[in-house]
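The values are calculated or read from the model by the stated rules, or taken from the named source; none is laboratory data. Quick caveat: nothing in here was measured; it's all calculated off a predicted structure. For neighbour counting, all protein chains shown are included, and Cβ atoms are generated from backbone atoms with ideal geometry for every residue, glycine included.
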């Protein structure tokens, strides 16, 4: 039973994703019986390459796919190189995981409302600094080259890469290494970049590649912040897919394969960049230079992270003001009056998506938790480490969502299944599983094996010691991974949109749908609801163990 | 009174083809056999082997008999071998009584009464609902001993259970543990590198190399 669970984890993740990717390619070559086409042809590809502005769409996707990880990783490494044990740094480290739980869509809306020509920032500095009495007629958000999209992605990915780096750092014993380098005359920042960075990079390589794939293929962030004429490749593929003209399905299939190609190309370019940087580092290390560039690296590192945090805080503020704003004439920094009218208006529309969001995130996360705990438990009992390749867990993050989800849709259409709630839940499970596994793996592995040994010398069966000893001892980490899983599920746009065929609405799909045409006030209300849900989850993960174990002082340090 | 006998017949444990230890002995009711040896001599592996959780990487041969029955094929929880570790390892999420109740056989009669009596017996009367995290080192060791006894084992293993206590306390706990085990008639194997432990145990001493 347990062994079965262990294999099922891999099966659950790998099969739909690989199969989906494979099947997505069939309609691209003209084979799609549900639409009455069972002959292979290259027509879809001919159509695809005649689409106007395709080169621009591909380029924008490619550029954000490469520059997002490059700039984000540079900022994170420079920050870590210049980090000290100061209050600010401790504070930043504590903020990282809550920041990570901000849904992409809500963060993107906030950013847009902060920086748009008529946004909060421009209002604060106008008219005193700029002389603007009306919003300037410049395209900042949705600029044609996707620079603002790039900016938004960097703000969102920096906390992710920072968290991954912080998790990997302790095993490198950075303090010790830095001390050695400093006794050899290296300044602290340079020492970090020379002796820590080269060993840290391999440890965060998979997350970096996940960032490349996400940035080159994102749909929801690109819909909100990306260029409009033409949009990024991923957004265009989705619009072809949703087009009432079913013949565009073939075009969408070819487009999704092209998307896979673009993401893979971005990864390939990254691998070349890796080689380049590795040579550069080797040269830099061999120069024996100990001080040059220290102040620049230090200044960049010290300022980057507070700026990212300020931008995120500003985005949140912009959402809050917009959600409660009454009439708000342009150059005024604040609305002339406040109102809860936007909330009152949205209340009835919110209820069904809210219910769906909670239902989908709770069920997919609990399913994931059961599979993950069963896997970890079977590994513990069999006494074997992870034999199955860990990288399979990253599969849902390494293949563009659009591609394999598209294949899964094709599969369900072959099978004649209707889009329904359970399909959406299974789709969410694919994305929730890796995060629940990665967050619980360490805690489970680090639990002192003697607890189980004591229990068994006292005559407790494996089942009894599982339920009465290990689960209670791991309550806190389990709840944290549930909160993370729910945050991931809540933020998902594409799986809900595609697998639910647009009929199953969540807070996220509705919020993204508001992009075209709804007022900022209304969008802000939805974005705030969207980002409050994960916060509620994290609060519960924090306070439930505190309450349950309020009379158990020993439960504070077994985590 | 238990009156059990624990026998190790030609037990040999090796790791990666290299033999760690070899032992053959008989421990009668209420007797305490002391096994001494430097760290790395395989003392802990011996206890893990008898208790039933030797890591699969180790190879072992020989047999462990309790009252003449070979227990080697039984799962750890079926062997009825009690084990005291260096740390008391009271489950931090259960109360003192909860820890004791966890150990008692399912069909035991009058559990709450037995728990109160047991606590009274080790000088901790009224500690039933205490949080184990609030106990002193000596109190926790006593509860761990009581937990082991309430489980009604057939034999007991002691893995340097006094090494983390300060001298005076370890003296006191050692006396209590040895007295209780002798009084219960349990065959006991003590693993230690402390001469004082071996002397007070008063039984046969084996030294591993």
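Values as computed for the structure displayed
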{"item": "Count - residues of region A:35-74 that are assigned to a strand (DSSP E or B) and either touching a helix residue (DSSP H, G or I) at 6+ places or on another chain (Cβ under 8 Å) or at pLDDT 90 or above (or both)", "result": "1"}
{"item": "Residue count for region A:232-254, restricted to those that are surrounded by 24 or more Cβ atoms within 10 Å (Cβ to Cβ) and not in a helix (DSSP H, G or I)", "result": "1"}
{"item": "Filter pass, residue B:127 being crowded, with 19+ Cβ neighbours inside 10 Å, assigned to a loop (DSSP other than H, G, I, E, B) and touching a helix residue (DSSP H, G or I) at 6+ places or on another chain (Cβ under 9 Å)", "result": "yes"}
{"item": "Selection within region A:95-137 - over 17 Å from residue A:334 (Cβ atoms), without any contact (Cβ under 8 Å) to a residue 40 or more places away in the chain and either outside any loop (DSSP other than H, G, I, E, B) or within 26 Å of the chain's Cα centre (by Cα) (or both)", "result": "A:115"}
{"item": "Region A:522-559, subset more than 14 Å from chain B (Cβ to nearest Cβ) and over 24 Å from the mean Cα position of the chain (by Cα), residue farthest from residue A:478 (Cα to Cα)", "result": "A:522"}
{"item": "Qualifying residue in region A:246-261 (condition: without any contact (Cβ under 8 Å) to a residue 12 or more places away in the chain and either farther than 22 Å from residue A:213 by Cβ or in contact with a helix residue (DSSP H, G or I) (Cβ under 7 Å, 6 or more places away or on another chain) (or both))", "result": "yes"}
{"item": "For residue B:110: the one exception among (1) surrounded by fewer than 19 Cβ atoms within 10 Å (Cβ to Cβ); (2) farther than 21 Å from residue B:150 by Cα; (3) more than 9 Å from chain A (Cβ to nearest Cβ)", "result": "(2)"}
{"item": "Test: residue in region A:315-325 that is in contact with a strand residue (DSSP E or B) (Cβ under 8 Å, 6 or more places away or on another chain) and either closer than 30 Å to residue A:124 by Cβ or not assigned by TED's automatic domain parsing to the domain that holds residue A:100 (or both)", "result": "yes"}
{"item": "Selected residue [away from every other protein chain (no Cβ under 12 Å), closer than 28 Å to residue A:550 by Cα and more than 18 Å from the chain's Cα centre (by Cα)] from B:98, B:126, B:133, B:137", "result": "B:126"}
{"item": "Subset of region A:75-94 (residues that are part of a helix (DSSP H, G or I) and closer than 15 Å to residue A:165 by Cβ)", "result": "A:75, A:76, A:77, A:78, A:79, A:80, A:81, A:82, A:89, A:92, A:93"}
{"item": "Qualifying residue in region B:86-94 (condition: without any contact (Cβ under 8 Å) to a residue 24 or more places away in the chain and at the interface with another protein chain (Cβ under 8 Å from one of its Cβ atoms))", "result": "yes"}
{"item": "For residue B:83: the one exception among (1) over 20 Å from residue B:193 (Cβ atoms); (2) surrounded by 20 or more Cβ atoms within 10 Å (Cβ to Cβ); (3) within 10 Å of chain A (Cβ to nearest Cβ); (4) in contact (Cβ under 8 Å) with a residue 12 or more places away in the chain", "result": "(1)"}
{"item": "Any hit, region A:513-521, residues being more than 14 Å from every other protein chain (Cβ to nearest Cβ) and touching a strand residue (DSSP E or B) at 6+ places or on another chain (Cβ under 9 Å)", "result": "yes"}
{"item": "Subset of region B:165-197 [under 21 Å from residue B:48 (Cβ atoms) and buried (at least 21 other Cβ atoms within 10 Å of the Cβ)]", "result": "B:177, B:181, B:186, B:187, B:188, B:189, B:190, B:191, B:192, B:197"}
{"item": "Residues within region B:55-78 that are at the interface with chain A (Cβ under 10 Å from one of its Cβ atoms) and touching a helix residue (DSSP H, G or I) at 6+ places or on another chain (Cβ under 7 Å), tallied", "result": "2"}
{"item": "Selection within region A:449-474 - in contact (Cβ under 8 Å) with a residue 60 or more places away in the chain and within 8 Å of chain B (Cβ to nearest Cβ)", "result": "A:462, A:473"}
{"item": "Single residue of region A:543-559 satisfying the filter (loosely packed, with under 14 Cβ neighbours inside 10 Å and in a loop (DSSP other than H, G, I, E, B)) that is modelled with the lowest pLDDT", "result": "A:557"}
{"item": "Qualifying positions in region A:167-188 - touching a helix residue (DSSP H, G or I) at 6+ places or on another chain (Cβ under 9 Å), modelled with pLDDT under 85 and closer than 23 Å to residue A:205 by Cβ", "result": "A:167, A:168, A:169, A:171, A:172, A:174"}
{"item": "Complete set of residues in region A:512-531 that are buried (at least 21 other Cβ atoms within 10 Å of the Cβ) and more than 20 Å from residue A:496 (Cβ to Cβ)", "result": "A:520, A:521, A:524"}
{"item": "Condition broken by residue B:162, with the remaining ones in (1) in contact with a helix residue (DSSP H, G or I) (Cβ under 7 Å, 6 or more places away or on another chain); (2) in a helix (DSSP H, G or I) satisfied", "result": "(2)"}
{"item": "Any hit, region A:168-183, residues being in contact (Cβ under 8 Å) with a residue 24 or more places away in the chain and buried (at least 21 other Cβ atoms within 10 Å of the Cβ)", "result": "no"}
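Residues checked against (1) modelled with pLDDT of 90 or more; (2) touching a strand residue (DSSP E or B) at 6+ places or on another chain (Cβ under 8 Å):
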site	(1), (2)
B:66	yes, yes
B:71	yes, yes
B:74	yes, no
B:80	yes, yes
B:83	yes, yes
B:89	yes, no
B:95	yes, no
B:99	yes, no
B:108	no, no
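Here's the yes/no breakdown for (1) more than 21 Å from residue A:242 (Cβ to Cβ); (2) modelled with pLDDT of 90 or more:
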{"site": "A:359", "(1), (2)": "yes, yes"}
{"site": "A:362", "(1), (2)": "yes, yes"}
{"site": "A:387", "(1), (2)": "yes, no"}
{"site": "A:390", "(1), (2)": "yes, no"}
{"site": "A:393", "(1), (2)": "yes, no"}
{"site": "A:398", "(1), (2)": "yes, no"}
{"site": "A:407", "(1), (2)": "no, no"}
{"site": "A:416", "(1), (2)": "no, no"}
{"site": "A:419", "(1), (2)": "no, no"}
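Table: residues versus (1) over 15 Å from the mean Cα position of the chain (by Cα); (2) not in a helix (DSSP H, G or I).
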position	(1), (2)
A:182	yes, no
A:186	yes, yes
A:192	yes, no
A:198	yes, no
A:201	yes, no
A:207	no, no
A:215	no, no
A:223	yes, no
